[in-house]
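Here, each number is a calculation from the coordinates, and none is a lab measurement. This one's a predicted model, so the numbers in the text were calculated from it and none came from an experiment. Counting neighbours? That spans all protein chains shown, and the Cβs are built from the backbone with ideal geometry, glycine included.
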Amino acid sequence: MIRLLLMKKIHRSVHDACKMSHAKKLKFKHNDIVDLEQILKRQKGNCYVAIESLYSMDGDFAPIQEIAEIAKKYNAFLIVDEAHTFGVFGYGLVEKYQLQTSVLATVITYGKALGSHGATILCDKVIKSYLVNFASPFIYTTAGQDVQWRSIKTGYEFLKINSNLSTSLQENIKIFHRQNIKTPSSENSPIQAVLISDNHRLKDLQETLLHEGFLTYAVFSPTVKQGTERLRICLHSFNTEEEIIGLTKIIKDFI
């Protein structure tokens, strides 16, 4: 039997997709390469490991290079979702770390950094042929309009000539961290989570920030486990230092 090994905090859409397969779904602890290896040791037959390179709820990175090594060691196939890294870290972390030959398929989306719509699967010709002929959600989805393809093409052209924006973004992330806001997120992640362990207080903070001109995203329970409710902040290359300091001041005063 085919087995799908999912990192525990992978996006809900991946869990839903697993229901469409006849494979057995297994989960390994979040970013725990030891747990992943222990599970792979016990498996027989084909195994597929699915991860996100950057997780949107905690704003933390997967140890993608180490996971690629473990997958290769046990002849497992690695699938990487780069929804939150494509366009932010060049063409994604698979490309950045030159892991193309170690990854079976890479999923990139155009609705985040590119500000467009749609997604692409980077894979070999065999997988492409299989998906084109057997992936029902793809086959029976209305084709995109010309304006969509043009916007995606323009997005790629923009990335090519504006690679300096990634540097500007990293500078803004450093400014954010200098304000000493406690966060479980990775140090160089554009997604920063601030835990506010109460739905009512979280909503109050979000509305206060919105009133002051700051758009943030509140993640309430039961979307996340009770007690881990959080304010999700997405930093951008165009944010000014004054904006970042103003945002963090309101948060610190509220906390």
Pick from Thr208, Thr142, Thr101 the residue whose mean-square fluctuation is largest in a GNM of the chain, springs joining Cα atoms under 10 Å.
Thr142
Please give the calculated 222 nm ellipticity per residue for the chain, where each DSSP H segment of at least 4 residues contributes -39500 (n - 2.57) and the sum is spread over every residue; nearest 500 deg cm²/dmol?
-11500 deg cm²/dmol
Using a/c under 1.5 as the rounded threshold, could you call segment 113-161 rounded, prolate or oblate? The axes a ≥ b ≥ c are square roots of the C-alpha gyration tensor eigenvalues, and prolate needs a/b larger than b/c, oblate otherwise.
oblate
Kindly flag which residue pairs out of Lys19/Lys112; Lys41/Lys153; Lys174/Lys225; Lys9/Lys252 have an alpha-carbon separation exceeding 32 Å in this structure.
Lys41/Lys153
Rounded, prolate or oblate: pick one for segment 132-255, where a ≥ b ≥ c are the square roots of the eigenvalues of its C-alpha gyration tensor, a/c under 1.5 means rounded, and failing that, prolate if a/b is larger than b/c, else oblate.
oblate
Within the chain: Cβ-based charge dipole about Cα centre, in debye rounded to nearest 20 (Lys, Arg +1; Asp, Glu -1):
1100 debye
Just Glu187, Glu242, Glu37 to compare: in a GNM of the chain, with alpha carbon springs under 10 Å, which one fluctuates most?
Glu242
Which one, Ile64, Ile152, Ile139, has the greatest fluctuation when you compute a Gaussian network model over the chain with C-alpha springs under 10 angstrom?
Ile139
Neighbour cut-off at most 10 other Cβ (10 Å), DSSP loop, trypsin sites (Lys or Arg not before Pro), segment 42-116
Arg42, Lys44
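Classify segment 34-156: rounded, prolate or oblate, from the alpha-carbon gyration tensor (a ≥ b ≥ c, eigenvalue square roots; a/c under 1.5 rounded; otherwise prolate if a/b is larger than b/c)?
In terms of gyration-tensor shape, oblate.
Taking 0.36 nm per intervening residue step and subtracting the Cα-Cα distance, what contour gain separates Tyr156 from Ser221 on full extension?
Contour length minus the Cα-Cα distance gives 19.7 nm.
Loop only per DSSP, at most 13 neighbouring Cβ atoms within 10 Å: give me the trypsin sites (Lys or Arg not before Pro) in segment 194-246, ordered by residue number.
Those that pass, being in a loop and sparsely packed, are Lys225.
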Could you please state, rounded to a whole Å, how far the C-alpha centre of segment 14-73 is from the C-alpha centre of segment 166-245?
27 Å
At 0.36 nm per residue, and after removing the present C-alpha to C-alpha distance, how many nm does the segment from Ser168 to Arg12 gain when stretched out fully?
53.0 nm
